[in-house]
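The values are calculated or read from the model by the stated rules, or taken from the named source; none is laboratory data. Quantities reported herein were computed from a predicted structural model and do not represent experimental measurements. Cβ: placed from backbone, ideal geometry, glycine included. Neighbour counts: every protein chain shown. Only protein heavy atoms, including side chains, enter the accessible area calculation; ligands, DNA and RNA are left aside. Shrake-Rupley method; radii C 1.70, N 1.55, O 1.52, S 1.80 Å.
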Amino acid sequence: MKTYETVIGLEVHVELATKTKIFCGCTTQFGGEPNTHCCPVCTGMPGTLPVLNGKVVEYAIAAGLAMNCEINQNCKFDRKNYFYPDLPKAYQVSQLYLPICHDGGIEIETSSGRKVVGIHEIHMEEDAGKLIHDPWEDCTLVDYNRCGVPLIEIVSEPDMRSAEEVIAYLEKLKLILQYLGVSDCKMQEGSLRADINLSIREMGAKEFGTRTEMKNMNSFKAIARAIEGERKRQIEVLEYGKAVIQETRRWDDNKDNSFAMRSKEDAQDYRYFPEPDLVPIVISDEWLVKIKNRQPELRDEKMIRYEKEYDIPAYDAGIITGSKHLADLFEETVALCEKPKEVSNWLMVETMRLLKEEEKEAEDIAFSAEHLAGLIKLIGDNKINRTVAKEVFEKIFKDNADPVKYVEEKGLSMVSDEGVLKSTIERILAENPASVNDYRSGKEKAIGFLVGQTMKEMKGKADPGMINKLLKELMA
């Protein structure tokens with residue numbers, strides 16, 4: 001049997017985090033009643049004229065710089081003509097001939113090692129509306145709220161060879177965009193969607209095979225399954241002596257299969273021509289330098305700095321910086337309490353445990369840096385022990401509770417009165433003579449039982465170290 005190589009390129013559509021649309025003042029807020037976030041401009045009414053949102057250009061430049069692209073300082077918009085019910089103008093304003101960014105690349109790391117995936121171009125365009133199929137009424141409805149929401153489309157080179165590389169690339173893109181603040185990348189809301197262009201060829205062949213495209217994938221798991229499913233399908237087609245047809249296919253994740261939708265269009269099918277209602281964009285050197293100087297520290301640089309500046313393990317630094325929200329929380333908390341290792345431990349252990357239990361993502365963390373720092377201070381000042389601290393942290397995690405107030409209200413402050421502890425321990429020793437004899441006969445582990453009994457008697461509000469010390473003194 002022949003050995004085949006998979007060749008994959010992606011077109012990633014990213015909704016930008018501007019407050020208003022690309023060519024009008026309508027809100028970009030997700031949701032809302034259908035057809036309430038639109039106006040004559042974004043619905044393409046006759047006689048209306050678009051006005052470019054400058055923030056869209058800034059965000060596109062920032063993304064291009066972060067992905068090592070060349071910036072085209074003289075670019076323009078074009079009309080991409082096609083009729084579809086969710087595109088009210090029957091054309092989309094996009095960029096074909098002079099995209100704003102080109103010839104970049106980002107480095108990914110997989111089990112096969114490191115490699116650079118090329119970025120062919122990044123261009124700006126407007127989003128279309130959304131079709132809603134109503135099986136009850138047996139009809140299709142259209143919501144134009146999303147029309148005119150600004151997008152950048154990131155077009156990769158066909159450099160990826162596996163689903164693992166694709167997911168690594170998408171994860172890297174997502175983090176870059178989130179760190180830049182240009183998009184929230186919420187895939188469940190359609191803020192980040194990927195079109196998969198996939199072909200296969202015999203191992204060692206130089207020519208690409210015929211590609212198919214699977215559009216608007218918005219789940220990493222579905223993308224991985226779709227790649228594997230389409231790879232197998234194309235191999236079967238060739239093994240049966242047939243030819244792969246260039247077409248657009250729809251992946252059905254429930255059926256674990258793809259279905260042909262339409263023949264794949266080429267650029268000439270869209271009859272592109274320069275957008276007559278928008279003037280060319282000129283990006284001055286000064287504007288470009290200003291955007292470059294505003295670029296934030298990205299994940300790769302942050303990981304290196306965390307290891308050096310905060311002396312935390314590479315693994316911990318990788319997990320914390322894997323979410324911009326988590327990284328921001330870490331840095332804000334460290335700034336308040338100046339205990340980076342302690343902060344890292346609370347995020348890596350208890351926070352991750354609770355996120356897993358509640359099936360949440362790091363972006364869903366709602367507690368403040370002030371409250372985590374407050375908890376760490378209570379421990380450092382010996383106001384509470386670590387057992388109580390875990391209980392308090394759960395309250396902080398779930399309700400963003402003030403740890404100081406919660407400890408006071410629940411009476412959880414640690415008992416540090418040596419006289420009270422001593423009298424309690426004496427009673428425990430009197431009630432457990434066998435354990436005392438075991439300890440005195442050399443069985444060191446027996447003291448653990450006595451510490452536990454004392455902690456139970458004190459309702460967990462005592463310092464185990466102090467109890468241990470007093471037990472040893474009293475049993476000497």
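In region 80-107, the residue that is modelled with the lowest pLDDT out of those that are under 20 Å from His120 (Cα atoms) and of a type in the set (D, E, K, R) is Lys80. Is region 255-269 home to any residue that is in contact with a helix residue (DSSP H, G or I) (Cβ under 7 Å, 6 or more places away or on another chain), within 30 Å of Glu202 (Cα to Cα) and among the hydrophobic types (A, V, I, L, M, F, W, C)? Looking through region 255-269, none of the residues is in contact with a helix residue (DSSP H, G or I) (Cβ under 7 Å, 6 or more places away or on another chain), within 30 Å of Glu202 (Cα to Cα) and among the hydrophobic types (A, V, I, L, M, F, W, C). In region 218-238 there is at least one residue matching the filter, namely being touching an Asp or Glu at 6+ places or on another chain (Cβ under 7 Å), surrounded by 16 or more Cβ atoms within 10 Å (Cβ to Cβ) and aliphatic (A, V, I, L, M).
Does Lys324 meet the test of being among the basic types (Lys, Arg) and in contact with a Lys or Arg (Cβ under 9 Å, 6 or more places away or on another chain)? Judged against the criteria, Lys324 is a match. Residues that are among the charged types (D, E, K, R), open to solvent by 10 Å² or more (accessible area, probe 1.4 Å), farther than 26 Å from Glu363 by Cα and touching a residue at least 24 places away in the same chain (Cβ under 8 Å) within region 171-217 comprise Arg201, Glu202, Arg211, Lys215, listed in sequence order.
Every condition in (1) of a type outside the set (Ser, Thr, Tyr); (2) at pLDDT 95 or above; (3) surrounded by fewer than 15 Cβ atoms within 10 Å (Cβ to Cβ); (4) under 30 Å from Leu49 (Cα atoms) holds for Asp269 except the one numbered (2). For the residues Gly442, Gly452, the requirement of being open to solvent by less than 80 Å² (accessible area, probe 1.4 Å), under 45 Å from the mean Cα position of the chain (by Cα), at pLDDT 70 or above and not aromatic (Phe, Trp, Tyr) singles out Gly452. If you filter region 1-43 down to residues that are within 20 Å of the chain's Cα centre (by Cα) and assigned to a strand (DSSP E or B), you find that the one that is surrounded by the most Cβ atoms within 10 Å (Cβ to Cβ) is Val14.
The requirement of being buried (at least 17 other Cβ atoms within 10 Å of the Cβ) and within 17 Å of the chain's Cα centre (by Cα) is not satisfied by Lys339.
Scanning region 348-378 for residues that are open to solvent by 20 Å² or more (accessible area, probe 1.4 Å), more than 15 Å from Leu326 (Cα to Cα) and either among the β-branched types (Val, Ile, Thr) or not in a helix (DSSP H, G or I) (or both) yields Glu358, Glu359. Of note, Leu429 does not satisfy the criterion of being surrounded by 13 or more Cβ atoms within 10 Å (Cβ to Cβ) and modelled with pLDDT of 95 or more. If you check Val41, Val93 for being touching a Gly at 6+ places or on another chain (Cβ under 8 Å) and in contact (Cβ under 8 Å) with a residue 60 or more places away in the chain, only one passes: Val41. Considered as a group, the residues in region 272-300 that are surrounded by 15 or more Cβ atoms within 10 Å (Cβ to Cβ) and part of a loop (DSSP other than H, G, I, E, B) include one that is nearest to the chain's Cα centre (by Cα), and that residue is Leu298. Being surrounded by 18 or more Cβ atoms within 10 Å (Cβ to Cβ) and either over 22 Å from Arg262 (Cα atoms) or among the charged types (D, E, K, R) (or both) is the filter here, so list the residues in region 76-93 that pass it. Within region 76-93, Lys76, Phe77, Asp78, Arg79, Lys80, Lys89, Val93 meet the criteria.
Mind checking whether some residue in region 384-397 is touching a His at 6+ places or on another chain (Cβ under 8 Å), at pLDDT 95 or above, within 23 Å of Gly322 (Cβ to Cβ) and crowded, with 21+ Cβ neighbours inside 10 Å? Yes, there is a match, as at least one residue in region 384-397 is touching a His at 6+ places or on another chain (Cβ under 8 Å), at pLDDT 95 or above, within 23 Å of Gly322 (Cβ to Cβ) and crowded, with 21+ Cβ neighbours inside 10 Å. Across region 167-201, which residue is nearest to the chain's Cα centre (by Cα) among those that are among the small types (Gly, Ala, Ser) and under 30 Å from Val237 (Cβ atoms)? Restricting to residues being among the small types (Gly, Ala, Ser) and under 30 Å from Val237 (Cβ atoms), the top hit is Ala168. Screening region 126-163 for residues that are among the polar types (S, T, N, Q) and crowded, with 20+ Cβ neighbours inside 10 Å and picking the one that is nearest to Val7 (Cα to Cα) gives Ser156.
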